[in-house]
Amino acid sequence: MAEIPKTRRRTKSREWFTRAQESLVEGVNSPSRGRAVYSLGPVVIERGAGSHVFDVDWNEYVDFMMAFGALIHGHAHPAIVDAVVQAMSEGSHFAACTVPEVEAAERFRRMVPGAERVRFANTGSEATMLALRLARAHTGRAKLLKFEGQYHGWYDPYLLNAHAHPPEALGPPESPARIPDSLGIPEGVFADVILAPWNDVEQLERVFREHGSELAAAITEPVMANLGCIPPRPGYLERLRELTHAAGALLIFDEVVTGFRYAPGGCQQKFGIAADISTFGKALGAGFPVGAVAGPRAILDRMEWHDPMVLHYGTFNGHRLTMKAVAANLDLLMANEGAAYKRLNELGDAAIHGLRDVFRRRRVDAIVQGFGPMFQIYFTDRPAIHHYRDYCAHVDTRKYSYFVHLLLERGIYMTPSNGLHWIISTAHKPADIDQLFLVADEACAALG
Ligand code: PMP
């Protein structure tokens with residue numbers, strides 16, 4: 001691939017990234033932010049306002065990454081800033097019962113279907129960890145059904161086949177090769193994990209025939225968001241719901257990405273499917289670190305203090321500032337009868353259609369997949385990407401990375417990792433997506 005033309009001054013970004021590498025592993029605090037993804041080194045970000053970010057060299061970008069989806073109202077929304085700044089002067093955290101956590105929980109329960117109870121944690125990973133422990137305790141079973149290509153955080157039992165691999169390494173769909181995503185996980189951890197392809201009803205029915213009675217739970221992202229954006233095939237999630245129910249296993253919807261994004265009640269509401277347990281993070285905190293597990297009393301109350309019980313501790317659970325941000329965030333989302341969702345969906349759909357037009361006009365083999373406020377671009381000759389195996393075999397992730405670097409050089413901020421997705425926030429304006437179309441058009445011309 002041709003060298004990326006450097007059109008923007010990056011002197012200070014380079015200086016800071018060099019310094020960062022002296023103290024931090026690879027100069028970052030998560031591998032998704034460093035050289036594994038940004039071939040020129042990351043842009044060091046200094047400030048954000050609404051839908052825009054500024055780097056340390058004062059280059060301005062329209063931000064479509066939005067902190068991996070955490071910023072549903074963009075950067076420094078005045079209502080979030082006010083709520084947190086005022087609370088800060090009263091004391092940041094007490095690790096005690098507080099008013100803000102009650103107010104946040106009440107709003108949460110009004111929005112999320114089936115949330116008789118909610119438990120707050122600090123990250124999506126913590127939420128999915130807890131969901132699995134609750135499911136195992138509730139069913140008295142150990143096994144977990146996990147789908148290829150799905151990511152549920154960095155907890156040991158979830159960390160296999162989340163990363164893409166060459167198709168020849170994947171094994172047959174009825175018996176996928178089990179590929180850990182990290183060193184340091186004893187093999188025994190995966191003994192209770194059943195791995196299956198996603199979006200494939202035949203394989204799903206086979207798994208339930210063979211293992212249904214042993215399963216504590218099946219966990220799924222309702223829209224796959226860690227290989228870009230892959231919606232479920234019609235009827236797939238409904239069948240998963242029927243099969244888990246019939247097997248006495250719990251259905252966990254991992255809504256860490258989808259929650260509060262597609263609808264007030266996430267994909268449970270969007271698709272009309274009731275999960276037994278749902279997990280949240282990202283958009284719930286409007287930029288503050290948060291995770292949440294929701295479900296019926298019969299399951300969540302297993303955490304009540306008696307012997308035996310499901311243990312979930314955490315010094316920072318229900319952090320006071322975070323709870324203030326959560327309540328302000330949910331108020332914004334529900335204001336004017338949920339006008340925010342109309343805006344997110346309309347602007348997102350316009351971005352998707354406009355990008356498709358650009359690729360069509362420029363005769364670039366690329367599809368834009370998703371709907372509303374979350375989507376991804378795949379350089380592929382396929383009409384759609386339905387699952388992990390499609391992604392591993394048919395998506396040119398190097399071309400995508402090159403394309404995004406071209407955008408970065410022209411004022412669009414996005415991660416070059418094809419596994420992530422484009423995010424529309426309520427702060428985005430039609431002018432932002434017009435700029436995206438212009439820049440994408442230029443980048444297509446530069447792709448050659
Ligand atoms: N579940 C899903 C579906 C996710 O996408 C992520 C993060 N990308 C997580 C869980 C983990 O969340 P966190 O990074 O907040 O730990």
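Assign one of three labels to region 221-312, namely rounded, prolate or oblate, based on the Cα gyration tensor with a ≥ b ≥ c the square roots of its eigenvalues; rounded applies when a/c is under 1.5, prolate when it is not and a/b is larger than b/c, and oblate otherwise. Write down the numbers at each step before the final one.
Working: a/c = 2.33, a/b = 1.21, b/c = 1.93.
Oblate.
Diffusion coefficient (Stokes-Einstein, Kirkwood radius over C-alpha pairs, 25 °C, 0.890 mPa s) for region 257-415: 130 µm²/s, rounded to a whole number. Evaluating 6.51 cos²θ - 1.76 cosθ + 1.60 at θ = phi - 60° for every residue in region 75-85, the Karplus couplings come out as 8, 6, 4, x, 5, 6, 4, 4, 4, 7, 5 Hz, glycine and proline recorded as x. Here Ala177 and Arg209 are evaluated by their C-beta separation; at R0 = 22 Å the FRET efficiency comes out at 0.55. Could you compute the net charge surrounding His138? Neighbours are other residues with a C-beta less than 11 Å from the C-beta of His138; K and R count +1, D and E count -1. With Lys, Arg at +1 and Asp, Glu at -1, the neighbours total +2.
Residues in region 326-339 carry Karplus couplings, in order, of 4, 5, 5, 4, 5, 4, 4, 5, 9, 4, 6, 6, x, 4 Hz; the curve used is 6.51 cos²θ - 1.76 cosθ + 1.60 with θ = phi - 60°, and Gly or Pro positions show x.
For Lys324, the lysines whose Cα comes closer than 17 Å to its Cα, not counting residues fewer than 8 places off in the same chain, are Lys282. Between Leu438, Leu284, Leu243, the Gaussian network model of the chain with springs among Cα atoms under 10 angstrom shows the greatest mean-square fluctuation at Leu438. Net charge in the neighbourhood of Asn418 (other residues with Cβ under 10 Å of its Cβ; Lys, Arg +1, Asp, Glu -1) is +1.
Would you list Trp305, Trp16 from fewest to most Cβ contacts within 10 Å? Show your work: numbers first, answer last.
Working: Trp305 6, Trp16 19.
By the 10 Å Cβ count, ascending: Trp305, Trp16.
Between Asp365 and Ala274, the modelled label-to-label distance comes to 4.7 nm, taking each label 7 Å out from Cα in the direction of the beta carbon.
Region 197-253 and region 111-178 have Cα centres separated by 11 Å.
Rounded to whole numbers, the Karplus 3J(HN,Hα) couplings from phi for region 389-400 are 5, 4, 4, 5, 8, 10, 10, 8, 6, 5, 5, 4 Hz, using 6.51 cos²θ - 1.76 cosθ + 1.60 with θ = phi - 60°, and x at Gly and Pro. Between Glu168 and Arg47, the simple label model (points 7 Å from Cα in the Cβ direction) yields a spacing of 5.3 nm. Highest mobility in the GNM of the chain, judged by mean-square fluctuation with C-alpha springs under 10 Å and restricted to His353, His387, His306, is found for His306. Compute the FRET efficiency between Thr11 and Glu60 as 1/(1 + (r/R0)^6), taking r as their Cβ-Cβ distance and R0 = 22 Å, and round to the nearest 0.05. With a Förster radius of 22 Å, E is 0.85.
In angstrom, the C-alpha Rg and Dmax of region 78-332 are 18.3, 58.
Please compute the length gained on full extension between Ala246 and Ser30, using 0.36 nm multiplied by the number of residues separating them and subtracting their Cα-Cα distance. Write down the numbers at each step before the final one.
Values: separation 216, 0.36 × 216 = 77.76 nm, distance 3.97 nm.
Answer, rounded to one decimal: 73.8 nm.
Amide H contacts for Met224 (H built 1.01 Å from N in the peptide plane; partners 5 or more residues away or on another chain; cut-off under 5 Å): Ile230.
So for region 78-332, averaging the separation of alpha carbon pairs under 8 Å that are six or more residues apart and normalising by length, what relative contact order in percent results?
Values: 474 pairs, mean separation 82.1, N = 255.
Value for region 78-332: 32 percent.
Taking label positions 7 Å along the Cα-Cβ direction at both Thr315 and His93, the computed distance is 0.7 nm, reported to one decimal. Beta bridges from DSSP with both residues in the chain: antiparallel share about 60 percent, rounded to the nearest 5. Here region 64-189 yields Rg over Rh of 1.06, to two decimals, using C-alpha coordinates and the Kirkwood radius. Summing charges over all other residues whose Cβ lies under 11 Å from the Cβ of Gly74, with Lys and Arg as +1 and Asp and Glu as -1, gives -1. Of all aspartates and glutamates in the structure, the ones whose alpha carbon falls short of 17 Å from that of Lys399, not counting any fewer than 8 places away in one chain, are Glu3, Asp365, Asp381, Asp390, Glu409, Asp441, Glu442. In terms of overall dimensions, the chain has a Cα radius of gyration and Dmax of 21.6, 66 angstrom.
A short reminder: the numbers here are calculations on the coordinates, not readings from a lab. Everything numeric in this text was worked out from a predicted model, so none of it was measured. All Cβ positions, glycine included, derive from the backbone under ideal geometry; neighbour counts span all protein chains shown.
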